[in-house]
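The values are calculated or read from the model by the stated rules, or taken from the named source; none is laboratory data. If you're wondering where the values come from, they're calculated on a predicted model, not measured in any experiment. Please note: Cβ atoms are built from the backbone with ideal geometry, for glycine as well, and neighbour counts cover all protein chains shown. Side chains are part of the model used for accessible areas, which takes the heavy atoms of the whole protein and leaves out ligands, DNA and RNA. Shrake-Rupley method; radii C 1.70, N 1.55, O 1.52, S 1.80 Å.
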Amino acid sequence: MQTKGGRFLRLAVFSSFLAAMSIVFGKYLAINLGEVIRISFENAPIIFAGVAFGPIAGAIVGIIADLVGCLLVGYAINPVITIGAAVIGIISGLFRIFVRRGEGVSRYLLVLGAIFLSHVIGSVLIKTIGLAAFYAMPYPVLLLWRALNYLIVGALEALILIPLISNKRINEEIKKLGGKV
């Protein structure tokens, strides 16, 4: 039998792994289109953490990924963007709590809804404020480009996250860590 402390330690290690994946996807494997548009899957591990383990775990993964990632590659830390990363984890976790699968919602709709809401609020609205202020760009123009970017990125993230969340073995591991999908 697994103790509560052992489960917490395993969840902390797995969350660290998700934060590391976010850093690699966002800082090292991203495709930059100018200074403010970047195609990356940095939010996929954050959304996974939120959906699988709840809003607190999702927020922690988002904050750690943003702060450590900026330090590793030499970006200036932008608190608004860090808040946006936390909000992505919070929204995806809250979406999982409020939209329960037992009420006829499939895992597909759960993941799609979490991706859509977390990107609209965290990536498009909040992070765009931080980028517009940092680069002194007009918010409405940047907002339009980032909305289009995250429409494409979100669709691709769904292709990655739906099979992961639907995988029986992964679901068993999530349950062992105290999560629920």
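For the range 145-162, a residue qualifies if it is more than 15 Å from Glu35 (Cα to Cα) and open to solvent by 40 Å² or more (accessible area, probe 1.4 Å), and the qualifying residues are Ala147, Leu148, Leu151, Ile152, Ala155, Leu156, Leu159, Ile160.
If the Cβ limit is 7 Å and pairs must be 6+ apart or interchain, which residue in the range 149-160 that is within 14 Å of Val120 (Cα to Cα) and part of a helix (DSSP H, G or I) pairs with which residue that is among the hydroxyl-bearing types (Ser, Thr, Tyr) and at pLDDT 95 or above? What qualifies is Tyr150/Ser123.
The criterion of being open to solvent by 80 Å² or more (accessible area, probe 1.4 Å) and either of a type outside the set (Gly, Ala, Ser) or under 25 Å from Ser16 (Cβ atoms) (or both) holds for Lys180.
Being among the aliphatic types (A, V, I, L, M) and in contact (Cβ under 8 Å) with a residue 12 or more places away in the chain is a description that does not apply to Leu144.
Scanning the range 30-65 for residues that are in a helix (DSSP H, G or I), without any contact (Cβ under 8 Å) to a residue 40 or more places away in the chain and open to solvent by less than 50 Å² (accessible area, probe 1.4 Å) returns Pro45, Gly58, Ala59. Regarding the range 103-122, can at least one residue be identified that is open to solvent by 10 Å² or more (accessible area, probe 1.4 Å), more than 13 Å from Asn43 (Cβ to Cβ) and of a type in the set (Lys, Arg)? Checked against the condition, which is being open to solvent by 10 Å² or more (accessible area, probe 1.4 Å), more than 13 Å from Asn43 (Cβ to Cβ) and of a type in the set (Lys, Arg), the range 103-122 yields at least one hit.
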